[in-house]
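**Student:** Below you'll find the structure I mean.
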Amino acid sequence: MKDNIIVLITGANRGLGRRIAEDFLARGAKVYAGARRPETVDITGAIPVQIDITDPESVRRAAEIASDVTVLVNNAGISTRANLLAGSIEDIRSEMETHYFGTLNVIREFAPVLESNGGGKILNVLSVLSWAHPATSGAYAAAKAAAWALTDAVRDDLAPRGVTVTALHVGYMDTDMVSYIPAEQKSDPAAIARQAVDGVLAGTTEVLADDTARQAKAALSRMR
């Protein structure tokens, strides 16, 4: 790997974010591991950075610290499992504040950083629920659908500035966010991380990381 691969990953203290951080480190990258509580980051070789993506001031401080970044990974997320009609409106707002506005906060702050470092790459961790919208996960699905639209829009905006944007779509992974899902229905997050890192480094527009995502995308195409 080239020496100028310098990565900031949000939500890097656990789950897929941690696996992505470990994969980049294994490839020789410099990694800033972002977390709301940086003391929870225990990844050997990573540099912990405090970042709350819903707090613009926190994001600004992180961009000042990680001013040499060439790859940005927007991974931080939440899942309240709120139903849009019966769920708490606070939970529904939290989903949108995190997945949509939070991701946008980070991109707006780091886009000039990437551009000033000669161009760069962004990976947005999305979901199969960007396309499939079950009522049981209405708040999450709506927020991820918004994040998908955001991803497509900023891709066009950033291309002339030398920044590529990759969307990762994936179903259930074996992380604590979906600990209630049976293990046989979940993918290995390390395998998903490898595909994600390969895709963003190649500048791929979209990574369909498992059968669930590929089937959902095919169904979406048939609907059109």
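The values are calculated or read from the model by the stated rules, or taken from the named source; none is laboratory data. These numbers come from a predicted model, not from an experiment. Every residue, glycine among them, receives a Cβ derived from its backbone with ideal geometry; neighbour counts consider all protein chains shown. Each accessible area value is taken on the protein alone, full model and side chains, heavy atoms only, with ligands, DNA and RNA left out. Shrake-Rupley method; radii C 1.70, N 1.55, O 1.52, S 1.80 Å.
**Student:** Can you work out the Karplus-derived ³J(HN,Hα) for every residue in region 131-142? Use 6.51 cos²θ - 1.76 cosθ + 1.60 with θ = phi - 60°, whole Hz, and x for glycine or proline.
**Tutor:** 10, 9, 10, x, 4, 5, 10, x, 5, 5, 5, 5
**Student:** Determine the distance separating the Cα centre of region 58-97 from the Cα centre of region 1-34; give it in Å without decimals.
**Tutor:** 18
**Student:** Related question: Per residue, how much accessible area does the chain show when a 1.4 Å probe rolls over the protein heavy atoms, in square angstrom?
**Tutor:** 46
**Student:** Here is a follow-up. With +1 on each Lys and Arg Cβ and -1 on each Asp and Glu Cβ, how big is the dipole of the chain about its Cα centre, in debye rounded to the nearest 20?
**Tutor:** That gives a dipole near 400 debye.
**Student:** What value, in deg cm²/dmol to 500, does the helix sum -39500 (n - 2.57) over DSSP H runs of n ≥ 4 give at 222 nm once divided by the residues of the chain?
**Tutor:** That calculation yields -13000 deg cm²/dmol at 222 nm.
**Student:** Got a number for carbon plus sulfur as a percent of the chain's accessible area, 1.4 Å probe?
**Tutor:** Looking at the chain in its full context, I get 50 percent from C and S.
**Student:** Provide the FRET efficiency to the nearest 0.05 for the R37-A159 pair, computing r from the beta carbons and using R0 = 30 Å.
**Tutor:** Approximately 0.30, to the nearest 0.05.
**Student:** Right, another one. Number of Lys-Lys pairs in the chain under 27 Å by Cα, sequence gap 8 or more or different chains?
**Tutor:** The result is 8.
**Student:** Per 0.36 nm of contour for each residue apart, how much would the distance between R108 and S67 grow if the chain were fully extended, relative to their Cα-Cα spacing?
**Tutor:** Full-extension gain reported as 13.4 nm.
**Student:** OK, next. Given axes a ≥ b ≥ c from the Cα gyration tensor, I'd like to know whether the chain is rounded (a/c under 1.5), prolate (a/b larger than b/c) or oblate.
**Tutor:** In terms of gyration-tensor shape, rounded.
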